[in-house]
Amino acid sequence: MSEALADLITIFLFIGLFFGIWGLLGLMWKLSEMDLELKYHTRSDQEIRLDKFAISCGIHVAFAKWYLNSKARQFNGMREVDELGDVVYLFGDAKRKYLQEHLGEKK
């Protein structure tokens, strides 16, 4: 292997490492923003609509769906589809109110 080829490979590896770290830091920043947005909605006892959550966080709907599904599993949340066909996530008191209204459960 020539010295020029070795230098070229080293440069490409360095550039790949740089962009990989940059992308990872960007992902961590976006996840912290999403955590704050979720915390805001759950404190105000609101239902979280998938499309509005994705727009407010500035992310793709598929990534928002993955995130909210994982949080629903983690925090024992609930995923419903309303009468208009929108995906709605319910956590905490919003989930309790929904169950009382729609299923007649009293807790």
Note down all Cβ pairs under 9 Å where the first residue falls in segment 57-72 and is surrounded by fewer than 12 Cβ atoms within 10 Å (Cβ to Cβ), the second is hydrophobic (A, V, I, L, M, F, W, C) and not in a loop (DSSP other than H, G, I, E, B), and they're at least six residues apart or on different chains. His60/Ala54; Ala62/Ala54
Answer yes or no as to whether Leu50 is under 20 Å from Trp29 (Cβ atoms) and touching a strand residue (DSSP E or B) at 6+ places or on another chain (Cβ under 8 Å). no
Hey, Glu3 exposed (fewer than 10 other Cβ atoms within 10 Å of the Cβ), among the acidic types (Asp, Glu) and either free of Cβ contacts under 8 Å to residues at least 12 places away in the same chain or over 23 Å from Lys97 (Cα atoms) (or both) or not: yes
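Here, each number is a calculation from the coordinates, and none is a lab measurement. Only a predicted model underlies this, so the values are computations on that prediction, with no experimental measurement involved. Here Cβ is always computed from backbone atoms with ideal geometry, including for glycine, and neighbour counts include all displayed protein chains.
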